[in-house]
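One structure is given here, and the rest of the page talks about it.
The values are calculated or read from the model by the stated rules, or taken from the named source; none is laboratory data. No experiment lies behind these values; they were computed from the predicted model shown. Cβ placement follows ideal geometry from the backbone for every residue including glycine, while neighbour counts extend to all protein chains displayed.
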Amino acid sequence: MQQAVYLDYNATAPLRPEAAAAMAEAHGLAGNPSSVHGFGRAVRRLIETAREQVAALVGADPAQIVFTSGGTESNNLALGGCGRKRLLVSAGEHDSVLRAAPNAEILPLHADGRVDLAALEEMLAADPRPALVSVMLANNETGVIQPLAEVVALAHAQGALVHCDAVQAAGKIAVAMPHLAADLLSLSAHKLGGPTGVGALVIGDGVDLRPLLQGGGQERGRRAGTENIPGIVGFGAAAAVAREVLDESARLGALRDAMERRLGEIAPGVIFFGTEAPRLPNTSCFALPGLPAETQVMALDLAGVAVSAGSACSSGKVRPSHVLRAMAAEDMAACAIRVSLGWASETSHLERFLDAWSALYSRRAQVAPAVTPAA
Amino acid sequence: MTKQRDRRQSAKAPKQIYLDYQATTPTDPRVVEAMTPFFVEHFGNPHSVQHGFGSYAIAAVERARAQVAELIGAEAREIVFTSGATESNNLAIKGAARFHKARRPHLVTLATEHKCVLESCRRMEREGLEVTYLPVRDNGLVDMARLAEVVTERTALVSIMAVNNEIGVIQPIAEIGALCRERGAYFHTDAAQAAGKIPLDVQAMSIDLLSISGHKLYGPMGIGALYVRRRPRVRLEPLFDGGGQERGLRSGTLPAPLCVGLGKACEIAREEMAAEAARLTRLRERLREALVSRLPGVRINGALRARLPGNLNLSFEDVDGEDLIDAMSGLAVSSGSACTSASVEPSYVLRALGLPAELAAASVRVGIGRFTTDAEIEAAIEQITAAVSRLRAAGPRAAE
């Protein structure tokens, strides 16, 4: 059988070879970075190099980077540690934001997937308590890019802090902390070709953060626990490559756009989500009414093509997407699948996908007249 | 790229003898070998149940969970993967305290616990709970009579480490477990230093919560586990929320390669524990006997009998603490626990044994482990003897 094709980069990206090489070297080193002897100092230097590499990816100062165990921890640390009781989060946020703030006020989305800025302004004005606004930079399911500069301007005008979950955006589009002017920014290594189990929270100057984990005072008291040296080294290496190859985005965007064109030709009834807004170049989320997402994902898996329905999280149950619901596309959520590309994606991978999908489509058309193939 | 490579080369391991196995252990090459395919080929997200990449990772994570469970006599589903022992300890202590604070607003721990246990307890004090920090006897062991006095029906959790990270003493875990069970309090043990080194059995020892660290047992960094008893069920409030992974106790994408590495490390440890313990005890006793016979005024800190095979903690009379580590520059040893060694305060663990500040400062922790050789121990004997003799010959520095 042919090798399986991976088109689920927004769930996790395969490790970049540069990261794998850097980690292989780090695995051979013994040393706790808190130790003062030579072994400890050697690994301490590795962490600081990686900190510079991650900071450079988002235009931050290395001192603003706190390494964590991943995006979920970063988001929880930001929301739980910011000291603000009033939280405003967008309806399309990742579960790690929504569940970290169960009492948050929910900021609605427009049908195009972008946050409703007028609603944000009203909500901020309606309550004088100092707030934290949490809006992701790019959505994991649809790839829609939020107007973060506008969110920050509105929030700061009302004395609110802004947290931005940039887990899906970093490495796919340029992310510049000074330009975004967000106060807190979450990153995950494994979404940009680094290893799983490591992430970062970028903490803007003047933000006083209460730690989530107490202990040995690592990360300047902001995140206790012995640092994950190979993980951090791999994160740094992946961030360095991601920064160098941001023009890869243009290549992926062209692949994605060509794939969407072909899909529209095969099945004119296909609906693409988020296309009215700026989108990540690697992500395509679409539905064909009447063709359940689970049917598609299973058929594609059998054909050796890995895509996903919704986001990859806890239980394995495919739940209708809360993101599409927030975009007033609830009736189509059960039919939506996501194709997401990355550094190792090639034209041939998309051809495999299109072949498998159109085969499924033809089969279905014979039994379900509602799904009509193009003439 | 070249710049990065140069930096990495400059960070090569120094030519010191590594004797700091309680700070961190080198990753066993067999563990690296087991993990590598999951970094590179089998990179699927273990929560992507809808395709083959994900399923392969799920199966590997579940095998690893069973390997971890087997090391401590638990069931696989009682193991929650975390980012390390600091997180496990935070989750056990804060999680239990927050869940039960209405009816049981009291915690008990030891003055000699790891910083992350003590800091978690202090955090709970700030949240309105009452914490008893029990002193230890001068050999570092818990005073069972005093423990029995302070654990009451108001106590939610007793957190006592299985093995101390600085002095290596092994607490009477089974006795503590029995007492807690009788009083209805949860028993949590930080087994970061103990797991894989000494036999642990959550059933026989009545342990309700147990913390494991990957990088202390020749596994990878950035991964740990918390054992959470199911029968009778231990209830915890999670530290953070999200995708609801790990039965809702620990959200976040599981790092499949690290889980696999921890599992492999536990399997190796279980298979080789007895032989390794015997070898390390022999090396440690060789070191101890040689130093005690060659040097006067050497004190062994902590009980010698109830002790981790690979740990020796020594204090040297009439030696200035600050000079001591510098004088042994060929040895990577620790003067305190790694997490506190950036500050120059004498170890709070040694102070809790009743050591005066000066003597506590003139102490060294020697951590011996899987890759330590006889020749390295002989070299350590020579270097420590020479360093202490030289410092003493130079005379007391601070007579002022």
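Data for the structure
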quantity	calculated
Selection count where residues are part of a helix (DSSP H, G or I), among the small types (Gly, Ala, Ser), surrounded by 15 or more Cβ atoms within 10 Å (Cβ to Cβ) and at pLDDT 95 or above, scope the stretch B:353-400	3
Looking only at the stretch B:38-80, and only at residues there that are surrounded by fewer than 21 Cβ atoms within 10 Å (Cβ to Cβ) and of a type in the set (Asp, Glu), the one that is nearest to the other protein chains (Cβ to nearest Cβ)	B:GLU41
Top-ranked residue of the stretch A:198-224 - restricted to ones that are at the interface with another protein chain (Cβ under 7 Å from one of its Cβ atoms) and hydrophobic (A, V, I, L, M, F, W, C), ranked as surrounded by the most Cβ atoms within 10 Å (Cβ to Cβ)	A:VAL198
All positions within the stretch B:24-42 that are in a loop (DSSP other than H, G, I, E, B) and at pLDDT 95 or above	B:THR24, B:THR25, B:PRO26, B:THR27, B:ASP28
The stretch B:294-333, residues that are in contact with a Ser or Thr (Cβ under 6 Å, 6 or more places away or on another chain) and in a strand (DSSP E or B)	B:ARG299, B:SER315
Test: residue in the stretch A:225-236 that is within 14 Å of chain B (Cβ to nearest Cβ), assigned to a loop (DSSP other than H, G, I, E, B), over 20 Å from A:LEU15 (Cβ atoms) and not basic (Lys, Arg)	yes
Counted residues, the stretch A:21-37 - those being surrounded by fewer than 19 Cβ atoms within 10 Å (Cβ to Cβ) and modelled with pLDDT of 90 or more	3
Qualifying residue in the stretch A:30-37 (condition: of a type in the set (Gly, Ala, Ser), in a helix (DSSP H, G or I) and within 12 Å of chain B (Cβ to nearest Cβ))	no
Any hit, the stretch B:210-220, residues being surrounded by 24 or more Cβ atoms within 10 Å (Cβ to Cβ), more than 14 Å from chain A (Cβ to nearest Cβ) and not charged (D, E, K, R)	yes
Those residues of the stretch A:140-167 which are without any contact (Cβ under 8 Å) to a residue 40 or more places away in the chain and touching a Leu at 6+ places or on another chain (Cβ under 6 Å), in sequence order	A:LEU148, A:GLU150, A:LEU154, A:GLN158, A:CYS164
Only one of B:ASN89, B:ASN45 that is in contact with a Cys (Cβ under 7 Å, 6 or more places away or on another chain) and either at pLDDT below 95 or not small (Gly, Ala, Ser) (or both)	B:ASN89
Residues located in the stretch B:222-257, provided they are away from every other protein chain (no Cβ under 13 Å) and in a loop (DSSP other than H, G, I, E, B)	B:ARG229, B:ARG230, B:ARG231, B:PRO232, B:ARG233, B:VAL234, B:ARG235, B:LEU236
The stretch B:23-44 residues that are more than 24 Å from B:THR253 (Cα to Cα), paired with ones that are among the hydroxyl-bearing types (Ser, Thr, Tyr) and crowded, with 21+ Cβ neighbours inside 10 Å (beta carbon under 6 Å, 6 or more apart)	B:ALA23/A:SER35; B:ALA23/B:SER334; B:THR25/B:TYR218; B:ASP28/B:TYR218
Counted residues, the stretch A:48-99 - those being more than 10 Å from chain B (Cβ to nearest Cβ) and among the β-branched types (Val, Ile, Thr)	5
Among (1) within 23 Å of B:GLY54 (Cα to Cα); (2) within 14 Å of chain B (Cβ to nearest Cβ); (3) under 19 Å from the mean Cα position of the chain (by Cα) - the single one A:VAL297 does not satisfy	(3)
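Residues checked against (1) surrounded by fewer than 24 Cβ atoms within 10 Å (Cβ to Cβ); (2) in a loop (DSSP other than H, G, I, E, B):
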position	(1), (2)
A:HIS163	no, no
A:VAL175	no, yes
A:PRO178	yes, no
A:ALA182	no, yes
A:LEU185	no, no
A:HIS190	no, yes
A:THR196	no, yes
